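Scroll down for the structure; my scribbles are underneath it.
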């Protein structure tokens, strides 16, 4: 069991307590640093008993879908319970993809069907054959609809590293899109708006990413 707490010291915005889930695949240091700068008090932990008392939960992630879901298995029920309570749950990169129902990544690897968290119904698909993958580097965010996570964000740039992207069942789940030969969702959210994710890394996306993390902290502080 691991747990590490850091207090926010660099932001004048609202302060909220945020749990970053340590399931072995997240870029924990940079995510934690970004959240601290955004005004959060951050706890990095693998202890699900801390989830209910947090103002919000972050599910980071780097790697393959199957490995992510296997590692996150012990946290599935706690994450589903948090979403049911209306706690903000924020998935980043692979963490965002894990919010969906499934991914063709495991099938392509011959690993069969792997069940995601199904908090945002949909499927993750690979970029088309012939496209350069991974999609890596800076690309533009096109805001498609209002959501508190994109307050103050308008056609800004963010940093991406991924070969698969989300295809939600409902177009209403799409908050922003990005063009990489195909237009794909770069921020998605559930119907209630309390479960959401970014395909890009806000902690690596400069002032744009910091604004999004500040918005997340504000959402958490309001809950």
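The DSSP beta bridges internal to the chain are antiparallel in roughly 60% of cases.
Going by Cα centres, the stretch 204-222 and the stretch 111-167 are how many Å apart? Spelled out, the Cα-based centre of one part sits 18 Å from the other. Ordered by the number of other Cβ atoms lying within 10 Å of each residue's own Cβ, fewest first, 69, 96 fall into the sequence 69, 96.
Counting every alpha-carbon pair across the stretch 3-222, the share separated by more than 23 Å comes to 40%.
How would the stretch 108-223 be classified by its alpha-carbon gyration tensor: rounded, prolate or oblate, with rounded meaning a/c under 1.5 and the a/b versus b/c comparison settling the rest? The shape class here is oblate.
Each of 92, 57 was scored by other Cβ atoms within 10 Å of its Cβ. Listed from fewest to most, they are 57, 92.
Directionally averaged projected area (the stretch 12-62, Cα convex hull): 3.2 nm². Taking the number of Cβ atoms within 10 Å of each Cβ as an exposure proxy, the fewest-first ranking of 160, 90, 196, 127 is 127, 160, 196, 90.
Taking a ≥ b ≥ c as the square roots of the eigenvalues of the Cα gyration tensor, an a/c ratio of 1.5 or more together with a/b no larger than b/c marks the stretch 172-223 as oblate. Taking a ≥ b ≥ c as the square roots of the eigenvalues of the alpha carbon gyration tensor, the stretch 148-188 is oblate, as a/c is not under 1.5 and a/b does not beat b/c.
All of the numbers you see were taken from the coordinates with simple rules; none came from a lab. All values reported here derive from a predicted model rather than from experimental measurement. Don't worry about glycine lacking a Cβ; one is built from the backbone with ideal geometry, like all the others, and counts go over all protein chains shown.
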